[in-house]
1. Would you say residue 56 is at pLDDT 95 or above and in a loop (DSSP other than H, G, I, E, B)?
2. Only one of 75, 89, 42 is more than 29 Å from residue 234 (Cα to Cα) and either touching a residue at least 24 places away in the same chain (Cβ under 8 Å) or within 16 Å of the chain's Cα centre (by Cα) (or both). Can you tell me which?
3. Here are 144, 171: which of them is buried (at least 17 other Cβ atoms within 10 Å of the Cβ), in a strand (DSSP E or B) and of a type in the set (D, E, K, R)?
4. Any residue at all in region 12-30 that is closer than 22 Å to residue 139 by Cα, charged (D, E, K, R) and in contact with an Asp or Glu (Cβ under 9 Å, 6 or more places away or on another chain)?
5. Tell me, please, whether a residue that is of a type in the set (Phe, Trp, Tyr), touching a residue at least 60 places away in the same chain (Cβ under 8 Å), within 29 Å of residue 175 (Cα to Cα) and out of contact with any Ser or Thr (no Cβ under 6 Å at 6 or more places or on another chain) can be found in region 28-39.
6. Here is a check on your reading of the model: is residue 85 in a strand (DSSP E or B), closer than 16 Å to residue 131 by Cα, of a type outside the set (Val, Ile, Thr) and in contact with a helix residue (DSSP H, G or I) (Cβ under 9 Å, 6 or more places away or on another chain)?
7. From 84, 78, which residue is at pLDDT 95 or above and surrounded by 15 or more Cβ atoms within 10 Å (Cβ to Cβ)?
8. Scan region 33-80 for residues that are under 26 Å from residue 185 (Cα atoms) and among the polar types (S, T, N, Q) and report the count.
Amino acid sequence: MAIAVMKRYELKYMLTARQAEYFRSGLRGRMELDSYGMTSIASLYYDTPNFRLIRNSLESPPFKEKIRLRSYGPATDESPVFLELKRKAYGIVYKRRVQSTIPRVEKFFAGEGDVCAPGQINAEITAFRDFYGTLAPSCLIICDRTAYFEPGGDLRLTVDYNPRYRVDRLDLKSGMDGLGLLDEGTAILEIKVQEAMPLWLCSLLSEGGIYKTSFSKYGAAYTRQIRGAPSEPRAPADPALLEAS
């Protein structure tokens, strides 16, 4: 969580329940589960009143950007949250991330003060806000995540289970429930690497019939809403997270 600036490739894959089990088995001895285990993560996306950011993203341009506020479990006004400015250009992801609090972020989007200490990252995030004008919470994406890291290397993997979303109660303090985003049992694998993917991982994916896809959780939620697609309510892995802290 201390990393403030990132530049890497992020590759996404859809996993069935059987593929997820196969993939986890293949990681043994090569990757380690981080110390948090499975964590419920909530990402509150901000957009313009006409959803300019997500509509542009869905057109798959060579350059796109988004901004979101993230918490690990339900947040409070005092707990740390992380504002992330994420840009993707020609397949490479650039991310700026700062720690803040909900009241400070709310004031920032209202045009009052900085979101963090003055510096390059604060300047970039402020320029983004000023360029797009009115930005407000538009969609809350929640998932139960396990993260893996490569000891001594830069390879990182995340597997997101039970992805869900809300377009009401758009804050990080109102529990971790939401509407199902994918079919029951489907998980999202994301491979994050700065250079080439190791050969053993390529083989693991190929042998498991796991193929790269293009997928945006926010994009999928937005598409569901405009199409009126039905979704079932989903709860987090930990029932205690249904209620705010």
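The values are calculated or read from the model by the stated rules, or taken from the named source; none is laboratory data. Only a predicted model underlies this, so the values are computations on that prediction, with no experimental measurement involved. Note: ideal-geometry Cβ built from the backbone for every residue, glycine included; neighbour counts use all protein chains shown.
1. On the way: at pLDDT 95 or above: yes; in a loop (DSSP other than H, G, I, E, B): no.
In short, no.
2. Numbers: 75 fails: more than 29 Å from residue 234 (Cα to Cα); 42 fails: more than 29 Å from residue 234 (Cα to Cα).
Answer to the check: 89.
3. On the way: 171 fails: in a strand (DSSP E or B).
Unique residue meeting the criteria: 144.
4. Step one: of region 12-30, the residues closer than 22 Å to residue 139 by Cα are 12, 14.
Among the residues that remain, those that are also charged (D, E, K, R) are: 12.
Filter once more, so that each one left must be in contact with an Asp or Glu (Cβ under 9 Å, 6 or more places away or on another chain): 12.
Taking every residue of region 12-30 in turn, at least one turns out to be closer than 22 Å to residue 139 by Cα, charged (D, E, K, R) and in contact with an Asp or Glu (Cβ under 9 Å, 6 or more places away or on another chain).
5. Looking only at region 28-39, we keep the residues that are of a type in the set (Phe, Trp, Tyr), and these are 36.
Then keep just the ones that are touching a residue at least 60 places away in the same chain (Cβ under 8 Å); that gives 36.
Still in the running and within 29 Å of residue 175 (Cα to Cα): 36.
Adding the requirement that they be out of contact with any Ser or Thr (no Cβ under 6 Å at 6 or more places or on another chain) leaves 36.
Yes, region 28-39 contains at least one residue that is of a type in the set (Phe, Trp, Tyr), touching a residue at least 60 places away in the same chain (Cβ under 8 Å), within 29 Å of residue 175 (Cα to Cα) and out of contact with any Ser or Thr (no Cβ under 6 Å at 6 or more places or on another chain).
6. Details: in a strand (DSSP E or B): yes; closer than 16 Å to residue 131 by Cα: yes; of a type outside the set (Val, Ile, Thr): yes; in contact with a helix residue (DSSP H, G or I) (Cβ under 9 Å, 6 or more places away or on another chain): yes.
Taking the combined requirement at face value, the residue satisfies it.
7. On the way: 78 fails: surrounded by 15 or more Cβ atoms within 10 Å (Cβ to Cβ).
Criteria check complete, one pass: 84.
8. Counting residues in region 33-80 that are under 26 Å from residue 185 (Cα atoms) and among the polar types (S, T, N, Q) gives 5.
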